[in-house]
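Below is one structure, written out as structure tokens; the observations come after it.
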Amino acid sequence: MTAKDPDVIVIGAGPSGAIASALLVQKGYSVLVLEREEFPRFSIGESLLPQCMAFVEEAGMLAAVQAGDFQFKNGAAFQHDGKYTEFNFTEKFSPGPGTTFQVQRGRFDKILADEAARFGADIRYHHEITAVDVGGECPHVTYRTPEGDVRTASAKFLLDASGFGRTLPRLLDLEYPSDFPVRQACFTHVRDHITDTHFDRNKILVSIHPTQRDVWYWTIPFANGTCSLGVVAKQEFFTPYTENLEERLMTIVDEEPRLAKLLERAEIIQPARQITGYSANVKSLHGNGFALLGNAGEFLDPVFSSGVTIAMKSASMAAALLDRQLKGESINWETEYAVPLKRGVDAFRTFVTAWYDQRFQDIIFHHTQLDNVKAMICSILAGYAWDENNPYVKESERRVNVLAEICRAA
């Protein structure tokens, strides 16, 4: 390293990169953020969870986010075949914020990145990492500038916050196949023109296909009369439909009568997109001089909007550990980072798996719901998947199995 090298290099300026950078620069470290794209840029994952707000506040960004005039969010609603249920996050079991926002990610991510820059992070857009060397005492990166110049930089530590770009997993051969089936998401933004007075814009609406219960739709209202709209299914489900993504999406929406009625006047305002095989895993979340944050390490599924929460949680944990390490402490990144982070991810995993095999659907649509149990499940849906005082975190698989059996037997 030279005197000009930063203490930390962060790959990516999305939520995990911005939170980690802001936390580190406020502790006095120099941070260089290399971001491949230009902000604002489109990103999927617009429905935040209340747990996110604790990390936003920790990073000193809460006032800026609140000033963004995003759509207030206080819960989640689910509907299937005439049944409707909802969770109000303020009624959760775990302590912490009970409300959050539904955000256009381009603007939201730009706010976070601008705040990190305001605190002192050196964020450079249109800079693409092309090679990484973590074999020496300090990690060493090679990157391409917007002008096409190839340059190098070293740091005391490297954080990969590249999200779906998964920079270090690709360059260091860390990718590991997910055990989830290959699913595909087709999505767009619409001007919704919703007139139904019973529709709650303060909640994400998750609708289930009337005949194929592993196919589901999201409707995420924004503050300006628009919505994010998408459908998720196994890849083969989409085969019979047209290749035109806008027509494909709206045809599938028409198959769910209540959603079709709700969006009967909707206008597509953004070209539809699709993502295939987004679930991912890695061999390790850390290595010599580096750690992976958020989606760069593992992504489960969009059904419970856990992606940004996991990203911010990993950023908060990594920044705290890195602060201790840079002060001279010996840190065990496996026991102090990977293991505790995965405990929460595994709690989410239990509920994602139970969603697709219908155990969780049978639970939430059951005609009798005990308030204390619902509060514990509500905590998971609000993002508090690391609260081990919650039995549905500590023993997630066993608890979900028992509850599903009770609901099905009744």
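Kindly indicate which of Gly136, Gly106, Gly96, Gly148 is over 30 Å from Asn390 (Cβ atoms), among the small types (Gly, Ala, Ser) and either touching a Pro at 6+ places or on another chain (Cβ under 9 Å) or outside the structural domain of Phe290 (by TED's automatic domain parsing) (or both). So that I can check it myself, show each step before the final result.
Working: Gly136 fails: either touching a Pro at 6+ places or on another chain (Cβ under 9 Å) or outside the structural domain of Phe290 (by TED's automatic domain parsing) (or both); Gly96 fails: over 30 Å from Asn390 (Cβ atoms); Gly148 fails: either touching a Pro at 6+ places or on another chain (Cβ under 9 Å) or outside the structural domain of Phe290 (by TED's automatic domain parsing) (or both).
Of the residues listed, the single one that is over 30 Å from Asn390 (Cβ atoms), among the small types (Gly, Ala, Ser) and either touching a Pro at 6+ places or on another chain (Cβ under 9 Å) or outside the structural domain of Phe290 (by TED's automatic domain parsing) (or both) is Gly106.
Out of everything in the range 46-77 that is touching a Phe, Trp or Tyr at 6+ places or on another chain (Cβ under 7 Å) and closer than 10 Å to Pro97 by Cβ, what residue ends up being surrounded by the most Cβ atoms within 10 Å (Cβ to Cβ)?
Gln51
Determine if the range 15-27 includes at least one residue that is modelled with pLDDT of 95 or more, surrounded by fewer than 20 Cβ atoms within 10 Å (Cβ to Cβ) and of a type outside the set (Asp, Glu).
Looking for residues that are modelled with pLDDT of 95 or more, surrounded by fewer than 20 Cβ atoms within 10 Å (Cβ to Cβ) and of a type outside the set (Asp, Glu), one finds at least one in the range 15-27, hence yes.
Which residues, counting only those in the range 112-156, are under 30 Å from Asn224 (Cβ atoms) and either crowded, with 20+ Cβ neighbours inside 10 Å or over 27 Å from the mean Cα position of the chain (by Cα) (or both)?
The initial filter retains those residues of the range 112-156 that are under 30 Å from Asn224 (Cβ atoms), namely 112-119, 121, 123, 125-126.
Across the range 112-156, the qualifying residues are Leu112, Ala113, Glu115, Ala116, Ala121, Ile123.
This table checks each residue for (1) within 24 Å of Ile9 (Cβ to Cβ); (2) charged (D, E, K, R); (3) not assigned by TED's automatic domain parsing to the domain that holds Asp214.
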| site | (1), (2), (3) |
| --- | --- |
| Glu336 | yes, yes, yes |
| Ile363 | no, no, yes |
| Val373 | no, no, yes |
| Pro391 | no, no, yes |
| Lys394 | no, yes, yes |
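Filter the strands (runs of 3 or more DSSP E) completely within the range 16-92 down to those with at least 3 residues that are closer than 22 Å to Ala318 by Cβ. Working first, answer last.
Details: elements: 31-34, 71-73, 75-80, 83-88.
By residue number, 31-34.
It is to be established whether one or more residues within the range 269-281 are outside the structural domain of Ala382 (by TED's automatic domain parsing), part of a loop (DSSP other than H, G, I, E, B) and in contact with a His (Cβ under 6 Å, 6 or more places away or on another chain).
yes
Got a sec? Which of Leu229, Leu262, Leu292 is touching a strand residue (DSSP E or B) at 6+ places or on another chain (Cβ under 8 Å), more than 26 Å from Phe164 (Cβ to Cβ) and modelled with pLDDT of 95 or more?
Leu262
Which condition does Tyr241 not pass, out of (1) of a type outside the set (D, E, K, R); (2) more than 20 Å from Ile194 (Cα to Cα); (3) assigned to a strand (DSSP E or B), if it passes all the others?
Of everything listed in (1) of a type outside the set (D, E, K, R); (2) more than 20 Å from Ile194 (Cα to Cα); (3) assigned to a strand (DSSP E or B), Tyr241 misses just condition (3).
Can you pull out every residue in the range 223-245 that is under 19 Å from Ile269 (Cα atoms) and surrounded by 19 or more Cβ atoms within 10 Å (Cβ to Cβ)? Quick ask: steps written out before the conclusion?
Initially, the range 223-245 is screened for residues under 19 Å from Ile269 (Cα atoms), giving 223-231, 243-245.
Selection gives Thr226, Cys227, Ser228, Leu229, Gly230, Val231.
Please tell me if Glu46 is more than 23 Å from Leu229 (Cα to Cα) and either in contact with a strand residue (DSSP E or B) (Cβ under 9 Å, 6 or more places away or on another chain) or in contact (Cβ under 8 Å) with a residue 24 or more places away in the chain (or both).
no
Tally up the residues in the range 197-238 that are of a type in the set (Ser, Thr, Tyr), free of Cβ contacts under 8 Å to residues at least 60 places away in the same chain, within 15 Å of Arg258 (Cα to Cα) and assigned to a strand (DSSP E or B), please.
2
Yes/no matrix, rows are residues, columns are (1) under 18 Å from Phe39 (Cβ atoms); (2) β-branched (Val, Ile, Thr):
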site: Leu112; (1), (2): yes, no
site: Tyr125; (1), (2): yes, no
site: Val132; (1), (2): no, yes
site: His140; (1), (2): no, no
site: Pro146; (1), (2): yes, no
site: Gly163; (1), (2): yes, no
site: Leu168; (1), (2): no, no
site: Ser178; (1), (2): no, no
site: Arg183; (1), (2): no, no
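Which condition number does Thr85 fail, the rest of (1) surrounded by fewer than 19 Cβ atoms within 10 Å (Cβ to Cβ); (2) over 23 Å from Gly230 (Cβ atoms); (3) among the polar types (S, T, N, Q) being met?
Failed condition: (2).
The values are calculated or read from the model by the stated rules, or taken from the named source; none is laboratory data. Note that the coordinates shown come from a computational prediction; the quantities given were computed from them, not determined experimentally. Using ideal geometry, Cβ is built from the backbone for each residue, glycine included, and neighbour counts are taken over all protein chains shown.
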